[in-house]
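The next block holds one structure in the form of structure tokens; read it before the comments.
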4 protein chains.
Amino acid sequence: MNVGDLKAGKQEYLAVGFQATNIGRAIELIQRMKKEKATVFFSFTANMVASGLRGLFAEMCKRKFVDAIITTGGSLDHDLIRAKMDYGIGDFTMNDSELHKKGVNRLGNILIKNECYEFLEKEITKVFEKIYDDERTTSPSTIAKEIGNSISDKGSFLYWCSKNKIPVFSPGITDSAIGLQTYFFKQRYADFGIDVTKDMKQLADIVLNADKTGGIVLGGGISKHHTIGVNLLRGGLDYAVYVTTASPWDGSLSGARTQEAVSWGKIAEQAKHVTVDCDATIAFPLIMKKFLK
Amino acid sequence: MNVGDLKAGKQEYLAVGFQATNIGRAIELIQRMKKEKATVFFSFTANMVASGLRGLFAEMCKRKFVDAIITTGGSLDHDLIRAKMDYGIGDFTMNDSELHKKGVNRLGNILIKNECYEFLEKEITKVFEKIYDDERTTSPSTIAKEIGNSISDKGSFLYWCSKNKIPVFSPGITDSAIGLQTYFFKQRYADFGIDVTKDMKQLADIVLNADKTGGIVLGGGISKHHTIGVNLLRGGLDYAVYVTTASPWDGSLSGARTQEAVSWGKIAEQAKHVTVDCDATIAFPLIMKKFLK
Amino acid sequence: MNVGDLKAGKQEYLAVGFQATNIGRAIELIQRMKKEKATVFFSFTANMVASGLRGLFAEMCKRKFVDAIITTGGSLDHDLIRAKMDYGIGDFTMNDSELHKKGVNRLGNILIKNECYEFLEKEITKVFEKIYDDERTTSPSTIAKEIGNSISDKGSFLYWCSKNKIPVFSPGITDSAIGLQTYFFKQRYADFGIDVTKDMKQLADIVLNADKTGGIVLGGGISKHHTIGVNLLRGGLDYAVYVTTASPWDGSLSGARTQEAVSWGKIAEQAKHVTVDCDATIAFPLIMKKFLK
Amino acid sequence: MNVGDLKAGKQEYLAVGFQATNIGRAIELIQRMKKEKATVFFSFTANMVASGLRGLFAEMCKRKFVDAIITTGGSLDHDLIRAKMDYGIGDFTMNDSELHKKGVNRLGNILIKNECYEFLEKEITKVFEKIYDDERTTSPSTIAKEIGNSISDKGSFLYWCSKNKIPVFSPGITDSAIGLQTYFFKQRYADFGIDVTKDMKQLADIVLNADKTGGIVLGGGISKHHTIGVNLLRGGLDYAVYVTTASPWDGSLSGARTQEAVSWGKIAEQAKHVTVDCDATIAFPLIMKKFLK
């Protein structure tokens, strides 16, 4: 506790108060993760890959800033599509029936044409066919890797993950446009399958072989929980930075603050951790600006 | 638009304004779903199964009020554990380091002893062994069914789903305590696997064979998206009730209002839909009280 | 701390978890306030008087359930108007430009015609004239009392407050339609004024003469702070129930949990207090149902 | 509607999506306000003056970036205290009973010693005495001006407002530490008073004499409503930027988006307006960085 001088902080954000202070703490914790060469798990939700954060994520993967990614199937969808197609900016209050008639899908204030998903269908079928040649039953991380291999856009995070051998885990992969395509693909190749237990050993090995682990967790849901949940195997994360807009008062995992994870041993008792309550499109570039100069 | 009399609503909640009105609309929409014999998809997050809502969910399944469930692996965890073990009530602001030392895990203001997970480990291993005898590669819905078969507690939703042949889909099942146990189970039975694509056909068939579909969606994440996403196959849900505490302003799927799904065709243009902005532990019993007399 | 049986709660809500538990605690605390004959301060925001809660507030005042009210000028606006005029129910997503063209004002999903404010203008002018005959410089509580005296609608909380001598404090009264009317009224009666310091002694006396005090605080803003702030004079409230949808993470008074007020001595260290995170149109009728049978 | 290239935005934030886009729009709207020489109303809540934003507000007033300020009494409290005393940075989860025992008040994650309020008591008494010599019944704007005159700290916004004749309106002034001091001051000077109607004419004149008006509204409550409410007199604001963390779903004024104000004529139909959903300590420095180079 420091009942000191609000103006005397060493770093600009720390001394401001409220969530600006937490931006400052997030920067400090990530600095420590990197200084101590912690194995860094990075999780985020699909909407962020539909936003301008995609380029930032790609840059992080290009620089090997993180060691493993845990995300949803939708993140793979958007990364693959945007390697070739553009999304637009609209507004949160557009008329969704009219948009539907025009073949435009709204994701918050981002607009995605139906053509994008037609493109995805073609591309992912090629990826599935390539995988099917190798193995009948594959894993989410293999699909992510092969998507990355199929992309030439340097603004893609999957491109860089494949290049730099950063594994991308997506335990809920069937819940996505890609996942829906497995339904159609299996109509032709009935024995094609995705065994999600295949990735557990690889992920567990990363956790168990790490000296220190850090988590950078943007948003909630399955990606967030998988990141902290697997760290149970080693007694919890040593560093954790959450960026979220969700509320803890409904007991949801998405809204749970870092403290709650301490009771579970998903974040270690002695860990340093902070929850930044802010939309990641604002908070995360501010944080990463300190690292990606 | 009705610039009429606030006091003249036919049903108590509708006339109150703000979210009370939306409680009223949710009741109306579920009445219509049932009246029109819509195939009802029911999705919820794991924290709710850790709460007193579990009994309500069980009652709904007992009465075959819903036709398919889509939920996370954690819901299976909690339902299985609570068939034998009790959870406690604590507080959102408890000291999580002290709780960890005492072997107590905090989920919002609900407390879960470590013994609960030791119990889960034993039980789920038996379930896995039973499944493994039948098939080397299983599906999430099979695991859910077999857990239900193993339970004798009539307060369990899985018990009633198994009894009443209500399929339970859990596309992200490895992200759970049960999922973590697959890692250990595979150390003995290396060829055990969970092929998540197996459930896609069964789920798609339910969607494609339905005359009308309705969604009751509590909370967000993968369960929410899978429910609306699969309804794309038939042009969207005809009725949708969301209950959420998440905010739409960050473009997250969890916070997206029903409107947004209309642009995607996940909810039909002509559908009736409402988003109730409230913790489900308060809102959902109020809604279901009208149906489970 | 009770790591006991989630199902064993004595009272239904307490045993449910998350915000349902807090509903249960709110009921318990209000039971204790009443049992110990605490002086009960009741604060709420104007939007609630525009909703169906107005009738509930009136019933509480009729039964002298509370001893003092602290609210905004807008609450006086809506209570006065609705004594004669009806509001309608619309939707949160209506086209506001179209509504404006039609002379309809939207308050969340409640609709208020311009005629309502024309009515208010006439009525409040009469009230001001009556007051002006008595005193050139008046107080917010006097205005509230005289509005109550002018109303014959038994669904009005001001009607019952005037009848039952429950003082209504409104420290920010000029920020309201009534307040705006003082601007026009003073064009004719230049020496008319509202001295807000006049109410401080009456309010302080209530606080200082109380054996025990309790606060029922719905929503945030000036009404919330004034309720807890004036209780500083006696070392803080003995009981406090907040019902809010605001977030504490931005350091706002509106979002601050009851705990924060303990550090200030606005709620006593040994006080019982709970924050219910829920829209008051849902939560407050649930709570009051236990008292207004 | 622009179904264009997410990457092709002219300005960095606009092209990012979600709330980053709204940061970009806020910058554009403020640029237009300034370009068209709109009369700019600036409103904020007291917690922000307790934070590092105080210095930013002071800089804005120094440069006459805004023409009128509308804020709460607490903003005057914090600005006066911090002219001499320092606040500290703590944490949102500190033990509030312990803090109270130590004489430390918590405001989110900002810490304020009791001495600060002892200092305020002395200083405001001097200010009241000076005012009392001039007039028995004063106004909130006069109090704000005299506080500004009493301060020599160039990091104070009131200092610069007094220097630059920027009026500071505080319609709810008695709800503050300063307001509580009027209770004690009147024990000695019984005829001291604050007539809040006095400020209505000055504020209305600013509104009525403006060619164009813009509102920069941080947070909610009385300050927000007073800013938009008084602009009713001229048919609404021409530009409005809200920065908020509050939710619209409960019908609260604090959570209402800019759209809602259009229905009331508080923001003009043809106005440009945006709501940035973010903690002001993060969002507002990002916005103002474009103007205060």
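The values are calculated or read from the model by the stated rules, or taken from the named source; none is laboratory data. Here the structure is a predicted model, which means the values were calculated and not measured. Glycine gets a Cβ as well: all are built from the backbone with ideal geometry, and neighbour counts include every protein chain shown. Side chains included, ligands, DNA and RNA excluded: accessible areas come from the protein's heavy atoms. Shrake-Rupley method; radii C 1.70, N 1.55, O 1.52, S 1.80 Å.
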Discussion item. Taking C:Lys102 in one copy and the same position in all the others, each labelled 7 Å out along Cα→Cβ, what are the pairwise distances from the first, in nm, shortest first?
Written reply: 2.4, 5.6, 5.7
Item to complete: Would you mind giving the mean number of other chain beta-carbons within 10 Å of the Cβ of each residue in A:273-279, as a whole number?
Response: 6
Worksheet item: Can you give the Rg and Dmax of chain A based on its C-alpha atoms, in angstrom?
Response: 19.6, 68
Response to the item:
Sorted by chain and number, the residues with a modelled amide H under 5 Å from that of B:Leu107, at a separation of 5 or more or across chains, are B:Ile112
Discussion item. Can you divide the C-alpha Rg of segment D:67-186 by 2.2 N^0.38 Å and report the result to two decimal places?
Written reply: 1.10
Response to the item:
In a Gaussian network model of chain D with springs linking alpha carbons closer than 10 Å, the residue among D:Asn109, D:Asn95, D:Asn164 that fluctuates most is D:Asn95
Worksheet entry | Percent RCO, i.e. relative contact order, over segment C:62-121, from Cα pairs under 8 Å lying at least 6 residues apart | 32 percent
Worksheet item: Rule-of-thumb check for the protein assembly as shown: C-alpha Rg over 2.2 N^0.38 Å?
Response: 0.91
Response to the item:
Net charge (Lys, Arg +1; Asp, Glu -1) of residues whose beta-carbon lies under 9 Å from that of A:Trp160, A:Trp160 excluded, is +4
Worksheet entry | Beta bridges per DSSP with both ends in the protein assembly as shown, % antiparallel, nearest 5 | 25 percent
Discussion item. For segment C:1-130, what does the relative contact order come out to in percent, with C-alpha contacts under 8 Å and a separation of six or more?
Written reply: 16 percent
Worksheet item: Tell me, what is the FRET efficiency for B:Lys102 and A:Leu233 to the nearest 0.05, using R0 = 22 angstrom and their Cβ-Cβ distance as r?
Response: 0.55
Discussion item. Just to be sure I understand: if you take the accessible area of chain A alone plus chain D alone and subtract the pair, with a 1.4 Å probe, what total do you get in Å², rounded to 100?
Written reply: 3900 Å²
Discussion item. Quick check: Cα centre of segment A:157-224 to Cα centre of segment B:216-269, how many Å?
Written reply: 23 Å
Worksheet item: What are the chymotrypsin sites (Phe, Trp or Tyr not before Pro) within segment A:133-202 that DSSP puts in a loop, where the Cβ has at most 10 other Cβ atoms within 10 Å?
Response: none
Response to the item:
Computed over chain B, the relative contact order (Cα-Cα under 8 Å, seq sep at least six) in percent reads 23 percent
Worksheet item: In whole Hz, what ³J(HN,Hα) sequence does segment B:237-254 give by Karplus (6.51, -1.76, 1.60; θ = phi - 60°), x for Gly and Pro?
Response: 5, 8, 9, 9, 10, 9, 10, 8, 10, 7, 9, x, 6, 9, x, 6, 5, 4
Worksheet entry | For the protein assembly as shown, size of Cβ-based charge dipole, Lys and Arg +1, Asp and Glu -1, in debye | 0 debye
Discussion item. Looking at chain A only, what percent of DSSP beta bridges run antiparallel? Nearest 5 please.
Written reply: 20 percent
Worksheet item: Label-to-label distances across copies for C:Asn209, with labels 7 Å out along Cα→Cβ, in nm, shortest first?
Response: 4.7, 7.4, 7.7
Worksheet item: Within a Cβ distance under 10 Å of B:Ile124, other residues only, what is the Lys/Arg minus Asp/Glu net charge?
Response: -3
Item to complete: Put a label point 7 Å from Cα along the Cβ direction on A:Lys122, then list its distances to the equivalent points in the other copies in nm, shortest first.
Response: 5.8, 6.9, 7.8
Worksheet, complete the sentence: Per-residue average of other protein chain Cβ atoms inside 10 Å, peptide A:99-105 -> 5
Worksheet, complete the sentence: Connecting every pair of Cα atoms under 10 Å apart in chain C and solving the GNM, the largest mean-square fluctuation among C:His78, C:His273, C:His226 falls on C:His226
Response to the item:
Within segment C:72-94, the residues whose backbone N lies under 18 Å from a label point placed 7 Å from the Cα of C:Asp153 along the Cα-to-Cβ direction are C:72-90
Worksheet entry | For B:Ala240, distant residues with modelled amide H under 5 Å away | B:Gly215, B:Lys272, B:His273, B:Val274
Worksheet entry | Amide proton proximity set for B:Phe169, modelled H, under 5 Å, gap of 5+ | B:Ile69, B:Ile70, B:Thr71
Response to the item:
Surrounding charge for D:Leu237, neighbours by C-beta under 10 angstrom, Lys/Arg +1, Asp/Glu -1, total +3
